[in-house]
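Read the figures in this text as sums done on the coordinates, not as results from a lab. Everything numeric in this text was worked out from a predicted model, so none of it was measured. Methodologically, a virtual Cβ is constructed for each residue, glycine included, from the backbone with ideal geometry; neighbour enumeration extends over all protein chains shown.
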Amino acid sequence: MAFNKKYAGLPDLDIAPDIYETPELTDGSTLATATVRSSSPFQDEPANPDIDRQRLQPDQARSHFLPARLDARDVDFSDSIASRRKSYKAMSRRRQRREDGTEVLGDVSDEEDESLERKLARLRREAEELKEELATRKAQRNAQSDSAGADDPGEDDDKGELDDGVLELSRALDSLHTFSRDGAIPVTAEEILSQKLGGNIPFAVHAAKQRNEALHGSSQSDVPVGLLSNAAAFDARLTLLEAALGIPNTPIFHSSDDNIGPQPILPTLSHLSLQLSTLTSTLTGPAASIPAGPSQAHSTVTTPHIEALTTRIRKLTADADALSSARRRATEAARAVIAARIAAATSDHPTSTTANTANITTATTTTATTEAPPSLTSLTATETDSAASEQAAKIQALYTTLPTITSLHPLLPSVLERLRSLRAIHAGATRAAEDLDALEERQREMKTEIEMWREGLGVVEGKVREAEEAMRGNVEVVGGWVRGLEARLEGLGG
């Protein structure tokens, strides 16, 4: 046998011919003949524990994979990486061994010993499969509707039933999520918000109320309980509404002493915008001024304007101080005159008293001629007593209502700020309602115009049909005339 040249360069290649040796046959030998084996250059390897020399057990492998069920529909087994590949799904069935030794395979859904984690994973996987199946059906339905043109009423019914089933499943999942978070009766998100808004006052409001009662002590004994409870409930509902809107996510405090909770966001943003615009315009001039808020979109504050405002404020402060000192001097002069008159009326020496009164009047006239009003010098003792009693009654009434004002002081600022923010929200809602009304009015007008155009198109179509019929009749009449002329011409030509 000729040796192939392409294997000539390989190392350790034996090119000697194969020789098979057999022993010579002997007639008297009773031993079995054996092939003479040449000694192998390789020694017998010892047993390696890393090599598994056990034979395969087909029956055992078949019994292992028997309860598994594979779903290979729409599976791409190619090596292409151009698109997202879809793998097959394997589902295992439960195996039950009877007393006689036979095994029974259970249903796929019959998994009594399934854990919560496996159930959650299975539901998530089935939800993804349902989403993909819905997308596939929607694409097929769109393709069929584009090709066919008319919709099948049976398909519409199936689509409606499928939508109802998906909606019911979504509600069940929402209720499951709510039940896992709150541990209460499963309800929807809208019902949870309604229950919170219509429920009792939260614990924080009760704690603030008890803290205020501990601070004020017995001064709240005359305060009506219904007013405080209504104010606290209103504050709690506003807080829940802001929490539902996402406002308390950025707690902003007006001062270091204000630790009652997050403030309303709209007035706070307006206040911060005004401060930032003033600071920016003060540092960089009018070129970098920014609008202060929605109501001050076109107002700018410059450095000269701030200086003018500062000067005016100082002037007003000085005028207020001067007016207060003038009123104080006039009041003292009036009291001195009244005291002198009372002393003159009750004294036994009217001459000296009159002289003293004249001296006091002369001394006070020089200081109170320009400041004191003329009505103060003409007051009598009776009018002074009545004014004093009236003032005392007013002060007593003020002290009576002081506990109520003090008890409502922690709640009133936050309530007023929240009312301002609600006013802004209601203003936006009003504008939105007006825009919706305008859109509805425009829609009605467009509908009326469309009806008019439809009527006009109907009239035009009728006129066109009449014109076509008249033209068709004229064509028939003219055709008869032409045929008659052709017959006459043929007769003349013949």
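Charge tally around Ala308: other residues with Cβ under 12 Å, Lys/Arg +1 each, Asp/Glu -1 each, net +2. When +1 charges are put on Lys and Arg Cβ atoms and -1 charges on Asp and Glu Cβ atoms, the dipole computed for region 444-488 relative to its Cα centre reaches about 160 debye.
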